[in-house]
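The values are calculated or read from the model by the stated rules, or taken from the named source; none is laboratory data. What you see is a predicted model; the values in this text were computed from it and never measured. Neighbour counts are summed over all protein chains in view; Cβ atoms, including those assigned to glycine, are modelled from backbone coordinates with ideal geometry. Each accessible area value is taken on the protein alone, full model and side chains, heavy atoms only, with ligands, DNA and RNA left out. Shrake-Rupley method; radii C 1.70, N 1.55, O 1.52, S 1.80 Å.
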Amino acid sequence: MNEITALQPKDFASDQEVRWCPGCGDYAILKAVQKTLAEIGARPERTVFVSGIGCSSRFPYYMATYGFHTIHGRAPAFAAGIKLTNPDLDVWIVTGDGDGLSIGGNHLLHVLRRNLDVQILLFNNEIYGLTKGQYSPTSRIGTRTPSTPTGSLDAPLSPCGFALGAGARFIARGIDTAQKELPGIFARAHAHKGASFVEIFQNCIVYNDGVFDAFTEKAAAADNQLLVSHGEPLLFGKDRQKGLRLKPGGFDMEVVTIGENGVRLGDILVHDETSKTLAHLLIDLVRPTFPMVLGVIYNNPAPSYETAVRGQVEAAEAAKPKASLNALLRAGRTWEVS
């Protein structure tokens, strides 16, 4: 019996030259994914990456796995076909804020609500990088780009809010350069059976450089990031003395400091990743009043779509074991054209 050799991150790297802009956050995400696959014991021959169009969608070229670089916004449709045909494959969808939330928004919605067992990595750089910097669905109001020279007027879309509204059962956030936390988030997404949605803040060094600096820069991170962990109090800050609680007598969040105004550790909310209500509250927090919430925000598994489909097919086959597709096609009102 042959033993399966443990693979290293480099074993998941293809021989293709990586052609993102120097300094692009995509490099860090690529390394984190390759590290994750090695750590979880993934096998290249059982792993598929599917992408649409955009800078992030070059991802499958750089993985020594199966890969499909498909058409704009339609990666979920291709991924659904792959997973339904062979449920034993690990299927990852790589998309961007433009590809996944603009032209592909409808496809993304349905793969989430159906709960197909795939991992969706959405690289959010708040810009269309591949097509020279137009504003995207996640660009902030006032963003000046070639297509919004006097500033965007559109209210930005929240990727995690979209996913939660579409019925996603696993939602997480990470930062491209957070190599300590990102592999762990990807591993949790992979372990979840159903559609896993991960938004990754990805810096576009050419067209939107520094847009996330207010909470990703090292000096600002402690006071502006809240890395959630199931069962742990929602604390942040350099000395972890700041926390989130519900305003007394209401349902809104507020930031408080332990030791001030009678606030105690026991007043701080504890993260429950199975609570959809809490997920809503955490996703909707707006900076700079609140910290950016990172980590696994929501995780509440339910039967996956391909499992239900397979069960339905097996039940139909059991009910009519001698059924013939050829006979079905020729049954009822059929005729021959001569």
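From the list GLY262, GLY231, GLY249, GLY237, the one residue that fits, being in contact (Cβ under 8 Å) with a residue 12 or more places away in the chain, on the phi > 0 side of the Ramachandran plot and out of contact with any Gly (no Cβ under 9 Å at 6 or more places or on another chain), is GLY231.
Evaluating THR150 against the criteria (1) touching a residue at least 24 places away in the same chain (Cβ under 8 Å); (2) open to solvent by 10 Å² or more (accessible area, probe 1.4 Å); (3) among the β-branched types (Val, Ile, Thr) leaves one unmet condition, (1).
Grab the strands (runs of 3 or more DSSP E) fully contained in region 193-265, keeping just those with 1 or more residues being farther than 30 Å from ALA308 by Cα and not hydrophobic (A, V, I, L, M, F, W, C).
Numbers: elements: 196-201, 225-227, 242-246, 253-257.
The strands (runs of 3 or more DSSP E) meeting that bar are 225-227, 242-246, 253-257.
Among residues belonging to region 111-136 that are of a type in the set (Phe, Trp, Tyr) and open to solvent by 10 Å² or more (accessible area, probe 1.4 Å), point out the one that is nearest to TYR66 (Cα to Cα).
If we take residues in region 111-136 being of a type in the set (Phe, Trp, Tyr) and open to solvent by 10 Å² or more (accessible area, probe 1.4 Å), then TYR128 is nearest to TYR66 (Cα to Cα).
Looking across region 105-132, just one residue is more than 23 Å from ASP90 (Cα to Cα), in contact with a strand residue (DSSP E or B) (Cβ under 8 Å, 6 or more places away or on another chain) and among the β-branched types (Val, Ile, Thr), and that is ILE127. Only one of the numbered conditions (1) hydroxyl-bearing (Ser, Thr, Tyr); (2) touching a strand residue (DSSP E or B) at 6+ places or on another chain (Cβ under 6 Å); (3) more than 25 Å from GLY23 (Cα to Cα) is not met by THR150, and that is (2). Identify, please: which residue in region 178-192 is touching a strand residue (DSSP E or B) at 6+ places or on another chain (Cβ under 9 Å) and not in a helix (DSSP H, G or I) and is, among those, farthest from PRO301 (Cα to Cα)? Here the answer is ALA178. Tallying residues that are aliphatic (A, V, I, L, M) and over 16 Å from ASP223 (Cα atoms) within region 234-274 yields 7. Taken over region 246-265, the criterion of being open to solvent by less than 80 Å² (accessible area, probe 1.4 Å), over 27 Å from ILE185 (Cα atoms) and not hydrophobic (A, V, I, L, M, F, W, C) is satisfied by GLY250, THR257, GLY259, GLY262. Look at region 268-290: where a residue is closer than 25 Å to ILE141 by Cβ and a partner is open to solvent by 80 Å² or more (accessible area, probe 1.4 Å), sitting 6+ places away or on another chain with Cβ atoms under 9 Å, you get LEU281/PHE251; LEU281/ASP252.
Can you confirm whether region 170-177 contains a residue that is of a type in the set (Gly, Ala, Ser) and out of contact with any strand residue (DSSP E or B) (no Cβ under 8 Å at 6 or more places or on another chain)? No, there is no match, as no residue in region 170-177 is of a type in the set (Gly, Ala, Ser) and out of contact with any strand residue (DSSP E or B) (no Cβ under 8 Å at 6 or more places or on another chain).
Among the residues of region 68-110, those that are among the small types (Gly, Ala, Ser) and open to solvent by less than 40 Å² (accessible area, probe 1.4 Å) comprise GLY73, ALA75, ALA79, ALA80, GLY81, GLY96, GLY98, GLY100, GLY104, GLY105.
Can you tell me which of ALA168, ALA163, ALA178 is in contact (Cβ under 8 Å) with a residue 60 or more places away in the chain and open to solvent by less than 10 Å² (accessible area, probe 1.4 Å)? It would help to see each step written out before you state the result.
Working: ALA163 fails: in contact (Cβ under 8 Å) with a residue 60 or more places away in the chain; ALA178 fails: open to solvent by less than 10 Å² (accessible area, probe 1.4 Å).
Only one candidate passes the filter, namely ALA168.
Applying the set (1) farther than 27 Å from ALA163 by Cα; (2) open to solvent by less than 20 Å² (accessible area, probe 1.4 Å); (3) in contact with a Gly (Cβ under 9 Å, 6 or more places away or on another chain); (4) not hydroxyl-bearing (Ser, Thr, Tyr) to ALA6 leaves exactly one unmet item: (2).
Would you check which residues across region 266-316 are modelled with pLDDT of 95 or more, part of a helix (DSSP H, G or I), among the acidic types (Asp, Glu) and open to solvent by 80 Å² or more (accessible area, probe 1.4 Å) and list them? Within region 266-316, none qualify. Are any of the residues in region 30-41 modelled with pLDDT of 95 or more, under 26 Å from VAL206 (Cα atoms) and either part of a loop (DSSP other than H, G, I, E, B) or open to solvent by 20 Å² or more (accessible area, probe 1.4 Å) (or both)? Checked against the condition, which is being modelled with pLDDT of 95 or more, under 26 Å from VAL206 (Cα atoms) and either part of a loop (DSSP other than H, G, I, E, B) or open to solvent by 20 Å² or more (accessible area, probe 1.4 Å) (or both), region 30-41 yields at least one hit. Within region 202-220, is even one residue buried (at least 22 other Cβ atoms within 10 Å of the Cβ), in contact (Cβ under 8 Å) with a residue 60 or more places away in the chain, within 13 Å of the chain's Cα centre (by Cα) and more than 23 Å from VAL270 (Cα to Cα)? Checked region 202-220: at least one residue is buried (at least 22 other Cβ atoms within 10 Å of the Cβ), in contact (Cβ under 8 Å) with a residue 60 or more places away in the chain, within 13 Å of the chain's Cα centre (by Cα) and more than 23 Å from VAL270 (Cα to Cα).
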